[in-house]
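S.K.: Quick one: the structure is below, questions incoming.
The values are calculated or read from the model by the stated rules, or taken from the named source; none is laboratory data. Everything quoted here is computed from the prediction, not taken from an experiment. For neighbour counting, all protein chains shown are included, and Cβ atoms are generated from backbone atoms with ideal geometry for every residue, glycine included. Accessible surface areas use protein heavy atoms only, side chains included; no ligands, DNA or RNA. Shrake-Rupley method; radii C 1.70, N 1.55, O 1.52, S 1.80 Å.
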Amino acid sequence: DTGVSQDPRHKITKRGQNVTFRCDPISEHNRLYWYRQTLGQGPEFLTYFQNEAQLEKSRLLSDRFSAERPKGSFSTLEIQRTEQGDSAMYLCASSYNRGGGVAVNTGELFFGEGSRLTVL
Amino acid sequence: GDSVTQMEGPVTLSEEAFLTINCTYTATGYPSLFWYVQYPGEGLQLLLKATKADDKGSNKGFEATYRKETTSFHLEKGSVQVSDSAVYFCALGSGGYNKLIFGAGTRLAVHP
């Protein structure tokens, strides 16, 4: 399977614990995105990387959240001192961006199946 | 900031019925518009897109036309099937495709 893969698919943790999610994008994709989705809502943007550089972070990404993409391939999203409000589906997506803006890029994101976090 | 508003679901239809899911947007500039679909147990996948005003995106019998004057991108299908049961998300490309902004999603249930 050459799609976006996420691990673990489901994590149950106690409040105050740290958790880490991993995302492996499609191999030739240079952009990687993290989104959060809560029940009945659409995905909310958290952050994205162009290769290894983190280019934008949402205000939703508090100091307890950190994302890395050290070699421009896989990425990790760590949540420290989890709170019940962190319970959500964390989605990873990737794309290939050629530069040159909308004229040459499709804008299509390829999503993984998500990592569901439950904080007790 | 940029935002997307979709009609609330769930939408329940009988097979072969006509489908419309409304989507309106607020954005600076001229964003590209998308419909994504999420089938049960699967990740989101692109259904169709339109990159400029009056463009019509189409795929699998679904269509949507980019209407700048009404800032809308309504999804339509002439005859739905049970296999179309899923959650549909309208989205806009913000900041030159730097990110997508999604609506809340509309769940569609099609019964035989």
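S.K.: Rounded to a whole number, what % of the accessible area of chain B do carbon and sulfur atoms account for, probe 1.4 Å?
M.R.: About 47 percent, which is the carbon plus sulfur part of the accessible surface.
S.K.: Are there any residues in the stretch A:30-51 with a reduction of at least 50 Å² in accessible surface when going from the isolated chain to the assembly of protein chains? Probe 1.4 Å, please list them by number.
M.R.: At a threshold of 50 Å² (probe 1.4 Å), the residues of the stretch A:30-51 that become less exposed are A:Pro43.
S.K.: Here's another thing I want to ask about it. Quote the charge dipole size of chain B about the Cα centre in Debye, to the nearest 20; the model charges only the Cβ of Lys and Arg (+1) and of Asp and Glu (-1).
M.R.: Value, rounded to 20: 300 debye.
S.K.: Once fully extended, how much extra length lies between B:Ala109 and B:Thr5, figured as 0.36 nm per residue of separation less the alpha-carbon to alpha-carbon distance?
M.R.: Gain in length upon complete extension: 35.4 nm.
S.K.: Give the residue list of GluC sites (Glu not before Pro) in the stretch A:21-120 that are DSSP loop and have at most 13 other beta-carbon atoms within 10 angstrom.
M.R.: In loop regions of the stretch A:21-120 (DSSP not H, G, I, E or B), the sparsely surrounded GluC sites (Glu not before Pro) are A:Glu28, A:Glu83.
S.K.: Also: Compute the separation of the alpha-carbon centres of the stretch A:1-37 and the stretch B:1-50 and state it in Å as a whole number.
M.R.: 24 Å
S.K.: Check B:Val11: other-chain or 5+ apart residues with amide H under 5 Å from its amide H, H built from backbone geometry?
M.R.: Here B:Arg107, B:Leu108, B:Ala109 satisfy the definition.
S.K.: Kindly write out, for the stretch B:84-93 in residue order, the coupling ³J(HN,Hα) from the Karplus curve 6.51 cos²θ - 1.76 cosθ + 1.60 (θ = phi - 60°), rounded to whole Hz, with x marking Gly and Pro.
M.R.: Working through the residues one at a time gives 7, 4, 4, 10, 10, 10, 8, 8, 10, x Hz.
S.K.: If you don't mind, there's one more thing I want to ask. Per residue, how much accessible area does the stretch B:23-93 have with a 1.4 Å probe, in Å²?
M.R.: So the stretch B:23-93 comes to 42 Å² accessible per residue, rounded to a whole number.
S.K.: Going 7 Å from the Cα of A:Asn51 in the Cα-to-Cβ direction, what parts of the stretch A:1-41 have a backbone nitrogen less than 13 Å from that spot?
M.R.: Under 13 Å, as judged by backbone N against the label point of A:Asn51, lie A:30-31 of the stretch A:1-41.
S.K.: Also, I was wondering about something else. Rounded to the nearest 100 Å², what is the buried accessible area between B and A, both sides summed, probe 1.4 Å?
M.R.: Using a 1.4 Å probe, the pair buries roughly 1600 Å².
S.K.: Quick one: pull the percent of accessible area on chain A belonging to carbon and sulfur, 1.4 Å probe, ligands and nucleic acids left out.
M.R.: Looking at chain A in its full context, I get 45 percent from C and S.
S.K.: Quick one: longest stretch of chain A between exposed loop chymotrypsin sites (Phe, Trp or Tyr not before Pro), exposed meaning at most 16 other C-beta atoms within 10 Å and loop per DSSP?
M.R.: It works out to A:1-73.
S.K.: Using a cut-off of 25 Å between alpha-carbon atoms, which lysines can reach B:Lys68, once sequence neighbours fewer than 8 places away in the same chain are excluded?
M.R.: Of all the lysines, those that pass the test against B:Lys68 - Cα under 25 Å, at least 8 places apart if same chain - are B:Lys49, B:Lys52, B:Lys56, B:Lys60, B:Lys77, B:Lys99.
S.K.: Next up: Tell me the label-point distance for the pair A:Glu108, B:Ser58, using the 7 Å Cα-to-Cβ offset, in nm and rounded to one decimal.
M.R.: Each label point is offset 7 Å from its Cα along the Cβ direction, giving 1.8 nm.
S.K.: How big is the dipole moment of the protein assembly as shown about its Cα centre under a simple scheme where the beta carbon of each Lys and Arg is +1, that of each Asp and Glu is -1, and everything else is neutral? Debye, nearest 20, please.
M.R.: Here the size comes out at about 560 debye.
S.K.: Let me ask something else about it. Roughly how big is the stretch B:64-112's charge dipole about its Cα centre, with Cβ charges of +1 (Lys, Arg) and -1 (Asp, Glu), in debye to the nearest 20?
M.R.: So the dipole magnitude of the stretch B:64-112 works out to roughly 120 debye.
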